[in-house]
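Read-outs: derived from the displayed coordinates by stated rules, not from any lab. Since the structure is predicted, the reported quantities are computational estimates derived from the model, not experimental observations. Cβ placement follows ideal geometry from the backbone for every residue including glycine, while neighbour counts extend to all protein chains displayed.
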Amino acid sequence: MTILSNYSLEDCNTFGIAAKAERFGIIQAEQDLFSLDFEDNIRVLGGGSNLLLPDSVEGLVLKNEIKGIEIVAEDDTSVLVEIGGGENWHEFVMWAVEHNYGGVENLSLIPGTVGAAPIQNIGAYGVELKDIFEGLNAYLFDEFGEEAFTPEDCRFGYRDSIFKRELKGKVCITRVYLRLQKAPHKVNVSYGAISKTLEERGISEPSIKDVSDAVIAIRQSKLPDPKEIGNSGSFFKNPEIPQAEFDALLQKFPNAPSYPLPNEMVKVPAGWLIDQCGFKGVRYGNTGCYKNQALVLVNYGGATGKEVYDFSEKVLQTVLEKFGIQLEREVNVW
Ligand code: FAD
Ligand code: NAP
């Protein structure tokens with residue numbers, strides 16, 4: 001593997017932050033990891049779509065470009081697919097839809113790589129990676145070897161996994177195993193926007209392709225395209241609070257939206273909280289909140305990571321003061 005010095009990461013992160021890596025290399029196969037010398041400070045980069053970078057990243061940045069999509073087992077109703085961690089997630093979803101394998105259609109158009117998908121258990125429109133996940137292989141930097149992880153090992157939660165906690169920064173996910181369903185499919189159209197779009201299109205019995213097309217159309221109409229305006233998707237997680245706390249909030253804010261969760265908890269859309277604080281569409285220097293979705297922080301051009309971080313802190317504090325709710329960043333801050 002060739003290691004480059006002082007490498008520009010500007011085109012490697014969807015926020016478009018003009019960061020530089022002290023050293024940078026590309027992994028194309030597991031062998032590249034096995035041949036690494038001991039290194040204290042290694043960071044794995046996928047598509048850079050869930051990252052906020054500082055001006056300069058110390059140590060070694062390894063971009064994962066391990067490729068390959070292969071069916072490794074099959075039965076009457078499903079296929080088990082092995083996917084290289086460096087495959088593009090959306091291209092993999094398109095592969096599944098084309099082959100009529102169901103399970104990932106609601107996760108269409110999520111940027112990034114397959115290897116990063118388990119990090120925050122990616123999710124959208126009522127489906128999460130964990131719903132179809134069978135296992136993964138990861139190289140452990142401290143142990144100089146690869147290990148297989150079961151779903152239980154990964155400790156998936158809402159936009160969360162062991163790789164954001166105990167194993168943060170300690171592994172490179174090399175291969176992911178997902179189980180996809182053969183037809184007839186059971187599609188998930190529980191999120192209002194999907195059923196509304198299908199209804200508008202006159203589709204009453206949607207195929208997985210119909211659901212994928214609807215998700216793509218909704219996302220394209222609502223979310224900023226990183227090619228046009230830098231962003232990393234939702235900057236904060238939707239807070240989950242006890243029902244009793246939410247009932248108290250309703251006294252002051254009767255229009256507050258919520259979605260029920262198990263164990264007497266509710267999910268409050270972070271975008272609504274931020275919007276109510278007056279941040280939607282507002283610009284602060286080179287950064288601010290996107291005009292159609294306050295949850296998405298954007299780079300209008302030339303923003304530094306610090307500028308975006310400081311703005312996110314202002315958003316956090318304002319939401320805390322107004323609602324007493326502590327937001328948590330979803331984006332990985334390096
Ligand atoms: P990166 O940003 O490169 O990395 C993210 C973190 O994972 C970093 O800390 C990195 O070190 C680590 N990492 C990456 N690859 C590996 C690996 N192989 N092994 C170990 N660690 C690794 N997310 C959702 O969940 N749902 C959505 O609907 C969604 N929509 C989005 C829409 C837009 C417009 C954007 C910009 C982002 C969106 N995201 C969404 C966030 C993002 O796309 C996902 O989190 C995605 O999985 C990140 O993949 P990546 O390859 O870009 O990861
Ligand atoms: P939205 O439809 O405006 O809804 C706002 C929030 O309410 C969503 O984040 C969602 O939570 C929740 N919600 C909506 N309908 C729900 C239902 N029927 N049941 C339970 N919860 C519901 O959201 P959006 O911003 O356009 O995003 C649509 C989907 O894409 C969401 O699932 C969102 O998570 C995902 N997305 C994620 C990112 C990211 O970077 N992580 C970026 C863009 C979109 P959940 O987020 O828990 O689903």
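Observations on the structure shown:
- Projected onto planes of every orientation and averaged, the convex hull of the alpha-carbon atoms in region 274-332 covers 3.8 nm².
- Cα point-scatterer Debye curve for the chain, base-10 log of I(q)/I(0) at q = 0.08 Å⁻¹: -0.40
- Those GluC sites (Glu not before Pro) in region 166-243 that DSSP places in a loop and that have at most 14 other beta carbons within 10 Å: E166, E228
- Reported value for region 69-181: 95 Å³ per residue, from the convex hull of its C-alpha atoms.
- In this structure, the pairs whose alpha-carbon distance is over 24 Å, taken from K237/K280; K227/K267; K63/K227; K164/K322; K280/K322; K237/K306, are K227/K267; K164/K322.
- Each of T287, T77 was scored by other Cβ atoms within 10 Å of its Cβ. Listed from fewest to most, they are T77, T287.
- Region 95-153: proportion of alpha-carbon pairs further apart than 20 angstrom, %: 33 percent
- Span-rule helices in the chain, defined as complete DSSP H runs reaching 30 Å or more along the axis (Cα) with Kyte mean at least 1.0: none
- Average silhouette area of region 230-333, convex hull of alpha-carbon atoms, in square nanometres: 6.4 nm²
- Across region 121-181, Cα-Cα distances exceeding 20 Å account for 23% of all pairs.
- Size of region 1-55 from its Cα atoms: along the principal axes, largest to smallest, the extents are 31, 19, 18 Å.
- Loop-located GluC sites (Glu not before Pro) in region 21-111, at most 16 other Cβ atoms within 10 Å (DSSP): E39
- Proxy reagent accessibility, fewest Cβ within 10 Å first, across S207, S212: S207, S212
- Region 181-225-region 1-61 distance, computed between alpha-carbon centres (Å): 36 Å
- Coordinate range along principal axes, alpha carbons of region 182-280, Å, largest first: 45, 37, 24
- Point-to-point label distance, N263-S221, nm (Cα→Cβ direction, 7 Å offset): 3.6 nm
- By the count of neighbouring beta-carbon atoms within 10 Å, fewest first, V331, V298 end up ordered V331, V298.
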